[in-house]
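Each remark here refers to the structure printed beneath this line.
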Amino acid sequence: MGRYQRKTDRQSWSQESMAGAIQEVLEGNMGYRRASKAYSVPQTTLERKVKEARQKKLSSEAAAVKMLGRYKTVFSEAQEKEFVQHLIHLEERLFGITLSDLRTLAFELAEKNNIPHVFNTEKRMAGKDWLYGFLKRHPRLVLRYPEKTSIARAKGFNRVAINAFFDLLDSLYSKYKFSPNDIYNADETGILTVANKPSKVLALRGKKQVGTLTSAEWGVLVTAETCVNAAGNFLPPMFVFPRKKENPLLMDDVPPGSFAVYHESGWINKETFLVWFKKFLEHSNPGPKKPMLLIIDGHNSHTKSLELVNLAWANNVVLLCFPPHTTHRLQPLDVSFMTPLSTFYEQETRKWLINHPGRCVTIYQVGKLFKAAFSRAATVQTAVKGFGKTGIYPFNRDVFPEYLLAPSETTEKPLDNTSELKQASYNGDVEHQPSTSSSETMPTIETQPFSSTFNISPAVVMPFPRETESIIKRVNDKRRDKKAKKKKMEEPVTSSDEEQESDDACIFCNDLYSNSKDREGWIQCNRCRGWSHEACSNAGGGEYNLNNKRMESLVRKIVVTNKIPEVANIKNPESLKHFRDIPELTDENIEAMHPLQLFEME
């Protein structure tokens, strides 16, 4: 059947008018002729509708439904409503379906429920006419380009992690009584000489490709560290330029108060972030009676600097980290500021290229362009809205509706290690308050239909994807094996259960095996049976590889002189004394021995 085109004006009356006329006749208030004139409906149609209502005991509204022609929808109104609900739940879990998938699902749903249809049995798909009619009947369904969301963020943004974060935040608010001026969020963003995403431009309809002018194929990266408090005050940004030496020309026309550090990669690290933190202390001016709360993400430059921790402790700054993979929802700067900043920077770059034809944007123009974009994006309304949308200030642990947490239901995995949610408080221990969160749902979306209108519901034909227990167990076992795996020697080492359960220490750095990081390799000495980090022993390569003559010379010196030399590249030189206990290492056979007889990697 082709797409239907209406060719008659029959049944042009409204259903509300017909329902009113039927009600008047059924109650005996009017006759057929009077009711048809009063409500402007055909008399013969009214007579047929009243007769049908009396025979089938229908309400006036049900009897007034229009039914023009012999074609009817494949699914009833209630069935289509349930179908739409299932499609919405799939999209909430980041498994939205395409138009082709929708047509296939409709065919399978009709087939398995024995519903009469005229779908294409060869392609096993519903037709395009049914598709367009279905979308027209349900206008809240639209075709959208989805935004890429990593599986780590889908898993990480779950109710357990969010509640743990807000429990910490609530306990800090209760203890320190922070005001909006004392709550800061800091984050870095990358600035390229070539904008990431160009703005839309007007072009001829039907043109295959539309281009725009850029400075180069790939841009030069400059990192900008930004910071804002809950009252809407922005601190001057810090720039990290990809240079080894200082160049004052790079700081021309930058935002007032800005400063720069230089690193050959252009990325921020522990040293450069520490420079920024010292400037932060100057601007925020914390004190014993005025502590500050600085909320940051879990980047290595933020969380793995002991000097930063000590400096924060000494200056009454409380550090709070977001849970892993949640900053896209929880971080105020990411939620409200970074996108406008990127958009305004692209606009300023495009205007600069128009005003300077034939020239390219270089690293020397970044400061000026960033200043124009930063002044437009750094508004009080933007900052306040960011803290409000994330529930940080004003405090609101129920700011996120349930449909935003739906993607995590695919795995439904709790936060295994609460240490990942790092909270550094240096003015005393913080008591964690119990979670009192309640669920908030979208008012237009039901969490579950009460009963299915199908014999075989859409949730059975296309169920929600879920990670099975076997997959979860296999993934966890694989991770556990990688973490606990120690690289054995060619000769197997047999030990008792008590020895296997012992917590070995590295013979170089004395760090315990239980403190090992994920995927951190350990190796065992073939002679003394001692364990060490692969990185500490440097058995895989480096300056003190056993294939290296310097390492052979070091071992020989230990055996011959029975003394431990000073070695700058090894954290604990005293741990090298285990070489003295190896009887096979004598001055006569050291040179004849193959180096890998000491350590061997898998």
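The values are calculated or read from the model by the stated rules, or taken from the named source; none is laboratory data. Computed from a prediction, not measured in an experiment: that's the story for all the values here. With ideal geometry, Cβ positions are generated from the backbone for all residues, glycine too; neighbour counts draw on all protein chains shown. Protein only, heavy atoms only, side chains kept; ligands, DNA and RNA dropped before computing areas. Shrake-Rupley method; radii C 1.70, N 1.55, O 1.52, S 1.80 Å.
Which ones in region 150-188 are under 30 Å from R103 (Cβ atoms) and in contact with a Pro (Cβ under 7 Å, 6 or more places away or on another chain)?
If the condition is that a residue be under 30 Å from R103 (Cβ atoms) and in contact with a Pro (Cβ under 7 Å, 6 or more places away or on another chain), then A154 is the only one that fits.
Sort out which residues of region 142-164 are in contact with a helix residue (DSSP H, G or I) (Cβ under 7 Å, 6 or more places away or on another chain) and within 19 Å of I295 (Cβ to Cβ), and write them in order of number.
R153, F157, A164, listed by residue number.
Rundown of residues vs (1) assigned by the TED database to the domain that holds V335; (2) more than 15 Å from P323 (Cα to Cα); (3) part of a helix (DSSP H, G or I); (4) in contact with a strand residue (DSSP E or B) (Cβ under 7 Å, 6 or more places away or on another chain), yes/no style:
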{"position": "R140", "(1), (2), (3), (4)": "no, yes, no, no"}
{"position": "R144", "(1), (2), (3), (4)": "no, yes, no, no"}
{"position": "A164", "(1), (2), (3), (4)": "yes, no, yes, no"}
{"position": "L168", "(1), (2), (3), (4)": "yes, no, yes, yes"}
{"position": "K175", "(1), (2), (3), (4)": "yes, yes, yes, no"}
{"position": "F178", "(1), (2), (3), (4)": "yes, yes, no, yes"}
{"position": "N181", "(1), (2), (3), (4)": "yes, yes, yes, yes"}
{"position": "Y184", "(1), (2), (3), (4)": "yes, yes, no, yes"}
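Conditions: (1) open to solvent by 60 Å² or more (accessible area, probe 1.4 Å); (2) at positive phi; (3) of a type outside the set (D, E). Q11 meets all but one. Number of the miss?
Only one criterion is unmet by Q11, namely (1).
Quick one: which residue in H283, H302 is modelled with pLDDT under 90 and either under 28 Å from K177 (Cβ atoms) or touching a Cys at 6+ places or on another chain (Cβ under 9 Å) (or both)?
Matching residue, one of H283, H302: H302.
When you look at Q43, is it without any contact (Cβ under 8 Å) to a residue 12 or more places away in the chain, of a type outside the set (G, A, S) and touching a Phe, Trp or Tyr at 6+ places or on another chain (Cβ under 6 Å), yes or no?
yes
Restricting attention to region 442-469, and to residues there that are open to solvent by 90 Å² or more (accessible area, probe 1.4 Å) and assigned to a loop (DSSP other than H, G, I, E, B), which single residue is modelled with the lowest pLDDT?
Filtering first and then ranking leaves P443.
Being open to solvent by 30 Å² or more (accessible area, probe 1.4 Å) and either in contact with a Pro (Cβ under 7 Å, 6 or more places away or on another chain) or assigned to a loop (DSSP other than H, G, I, E, B) (or both) is the filter here, so list the residues in region 322-374 that pass it.
P324, H325, H356, P357, G358, R359, C360, T362, Y364, Q365, K371 - these are the residues of region 322-374 that are open to solvent by 30 Å² or more (accessible area, probe 1.4 Å) and either in contact with a Pro (Cβ under 7 Å, 6 or more places away or on another chain) or assigned to a loop (DSSP other than H, G, I, E, B) (or both).
Would you mention how many residues in region 79-103 are open to solvent by 40 Å² or more (accessible area, probe 1.4 Å), assigned to a helix (DSSP H, G or I) and not charged (D, E, K, R)? If you could, list the steps in order and put the result at the bottom.
Applying the first criterion (open to solvent by 40 Å² or more (accessible area, probe 1.4 Å)) to region 79-103 yields 81, 91, 94-101, 103.
Restricting the remaining residues to those that are assigned to a helix (DSSP H, G or I) gives 81, 91, 99-101, 103.
Now drop any that are not not charged (D, E, K, R), which leaves 99-100.
Of the residues in region 79-103, 2 are open to solvent by 40 Å² or more (accessible area, probe 1.4 Å), assigned to a helix (DSSP H, G or I) and not charged (D, E, K, R).
Can you give me the number of residues within region 307-321 that are open to solvent by 40 Å² or more (accessible area, probe 1.4 Å) and farther than 11 Å from L274 by Cβ?
Going through region 307-321 one residue at a time, the tally reaches 3.
What are the residues in region 104-125 that are in contact (Cβ under 8 Å) with a residue 24 or more places away in the chain and assigned to a loop (DSSP other than H, G, I, E, B), if any?
N113, N114, I115, P116, H117, V118, F119
When you check E91 against the structure, is it within 22 Å of E402 (Cβ to Cβ) and at pLDDT 90 or above, yes or no? Full working, then the answer.
On the way: within 22 Å of E402 (Cβ to Cβ): yes; at pLDDT 90 or above: yes.
Considered against the rule, which asks whether it is within 22 Å of E402 (Cβ to Cβ) and at pLDDT 90 or above, E91 comes out as yes.
Just name the residue that is farthest from T73 (Cα to Cα) out of those in region 120-137 that are among the hydrophobic types (A, V, I, L, M, F, W, C) and in contact with a Lys or Arg (Cβ under 8 Å, 6 or more places away or on another chain).
M125
What number of residues within region 219-275 are assigned to a loop (DSSP other than H, G, I, E, B), hydrophobic (A, V, I, L, M, F, W, C) and open to solvent by 40 Å² or more (accessible area, probe 1.4 Å)? Show your work before the answer.
Keep residues of region 219-275 that are assigned to a loop (DSSP other than H, G, I, E, B), which gives 219-220, 230-233, 235-237, 242-247, 252-258, 263-269.
Now drop any that are not hydrophobic (A, V, I, L, M, F, W, C), which leaves 220, 230-231, 235, 254, 267-268.
Now narrow it down to the ones that are open to solvent by 40 Å² or more (accessible area, probe 1.4 Å): 220, 267.
Qualifying residue count for the region: 2.
Residues that are among the basic types (K, R), surrounded by 14 or more Cβ atoms within 10 Å (Cβ to Cβ) and touching a residue at least 12 places away in the same chain (Cβ under 8 Å): does region 276-284 have at least one?
Looking through region 276-284, at least one residue is among the basic types (K, R), surrounded by 14 or more Cβ atoms within 10 Å (Cβ to Cβ) and touching a residue at least 12 places away in the same chain (Cβ under 8 Å).
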